[in-house]
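This report refers to the structure that appears directly beneath it.
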Amino acid sequence: MATATDQLTATLAAWRQWQVSPPLVAAPTLGAMFAEGSGHRLHALENAPSLCVRLRHRTTSTVTGGFTRETAVWSLAASHGLAPAVAYVAGTENAVVCERINGADKTPSGEALGTLARDIHQLPAISHRLNLPRVINDYLKRLPDQKREQWQSVVTHPRTTRALQRLEQDEPRLCHNDLTPGNLLYRPDQWVAIDWEYAAMGSRYFDVAIAMEPLTNASRQTLLNAVFDKKPDTELLAAGQLIAGLCTGLWQQCFDTNALIDPLLCLQVGEVT
């Protein structure tokens, strides 16, 4: 298996194939890492300051063929100004050369994040749909037996089942499904998203619930106002928050099996009927 160093070396060596204007006239030199998300790192290029390399250092999705889908949706979003422009996709399935947009030194307002989510939801439909039960079960399979038993009771709880059914009935839109702080970059006048690994057709309420988690209550409300033309559906919102909390907790438990996470906290979101 190629190491991260091997992947970077191969990507830089293919510099003549990068789709940039004007074309590069010399091989690029790798610079320092300037941003990091849960599964990726962004590295500067010393002699190509408008570009950077995104290197995936950990796969966070269990979906086969996810990298190909990710880069396709990423390119679609970039064509609408919602993601960094893609210049080259490496055959290693781990490295992408893209437009450099610095990691933000501030956090987006609820309105700004809601506007980004709304604009993503208005992108053309794609064929892939997010299968939340499969995602949840894949996470469960990764857990040690003792941890799995604790989470299983929440996964099979009637409220969880109802929430998943409610989200499945919602009109599907293209969603990023991971609009968390580590996946947000800022142009001088616009927030954009990176790390499109989970992007798929699905419920806006799950997408919004993931984005809402780190926000204050006031910012959450302005986000909802920006996303939904009408008053949000309270049942769908509660369903999205329950399943978002469950998925986030399971993901954290998978990558830190010793973490003390109470699965029952996921069920403290308002009742879903």
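Nothing in this text is a laboratory measurement; each read-out follows from the coordinates by a stated rule. In this text the structure is predicted, and so the values were computed from the model without any measurement. Cβ placement follows ideal geometry from the backbone for every residue including glycine, while neighbour counts extend to all protein chains displayed.
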**Request:** Treating the angle as unsigned and between 0 and 90°, give the value, to the nearest 10°, between the Cα long axis of helix 145-155 and the longest Cα principal axis of the chain.
**Result:** 70 degrees
**Complete:** Taking His176, His57 and counting other beta carbon atoms within 10 angstrom, the fewest-first order is His57, His176
**Prompt:** Hey, fewest Cβ within 10 Å first, where do His128, His80 land in order?
**Reply:** His80, His128
**Asked** Which Rg and Dmax, in Å, describe the Cα atoms of the chain?
**Response** 19.2, 61
**Request:** Would you kindly calculate the mean projected area, averaged across all directions, of the convex hull enclosing the Cα atoms of the range 4-99, in square nanometres?
**Result:** 6.0 nm²
**Request:** Using only the alpha carbon atoms of the range 147-198, find the Kirkwood hydrodynamic radius as the inverse mean reciprocal pair distance, in angstroms to one decimal.
**Result:** 14.1 Å
**Prompt:** Tell me, what is the FRET efficiency for Ala27 and Asp233 to the nearest 0.05, using R0 = 30 angstrom and their Cβ-Cβ distance as r?
**Reply:** 0.05
**Asked** Helix 4-13 sits at what angle to the longest principal axis of the chain, using alpha carbons and giving 0 to 90 degrees rounded to 10?
**Response** 50 degrees
**Prompt:** Can you sort Phe34, Phe67 so the residue with the fewest Cβ neighbours within 10 Å comes first?
**Reply:** Phe34, Phe67
**Complete:** Helix 234-255: inclination vs the chain longest Cα principal axis, degrees, rounded to 10, gives 60 degrees
**Prompt:** Roughly what would the spin-label model give for Ala10 and Ser79, points 7 Å off Cα along C-beta, in nm?
**Reply:** 2.7 nm
**Asked** Comparing Leu185, Leu42, Leu215, which has the greatest mean-square fluctuation in the GNM of the chain with Cα pairs linked when under 10 Å apart?
**Response** Leu215
**Complete:** Listed by chain and number, the aspartates and glutamates with an alpha carbon less than 16 angstrom from that of Lys141, same-chain partners under 8 positions apart left out, are Glu149, Asp256
**Message:** I want to make sure I understand the PRE zone here: with the label point 7 angstrom from the Cα of Gln169 toward its beta carbon, which residues in the range 213-250 have backbone N atoms less than 15 Å away?
**Reply:** 233-240
**Value at 222 nm in deg cm²/dmol, rounded to 500, when DSSP H runs of n ≥ 4 in the chain each add -39,500 (n - 2.57)** = -13000 deg cm²/dmol
**Item:** Where only alpha carbons of the range 110-268 are counted, the Rg and the Dmax (Å)
**Value:** 15.5, 48
**Prompt:** In nm, to one decimal, how far is the modelled label at Phe34 from the one at Phe255, with both set 7 Å along Cα→Cβ?
**Reply:** 2.3 nm
**Prompt:** In whole Å and largest first, what semi-axes does the C-alpha gyration tensor of the range 169-220 yield when each eigenvalue is scaled by 5 and square-rooted?
**Reply:** 19, 15, 9
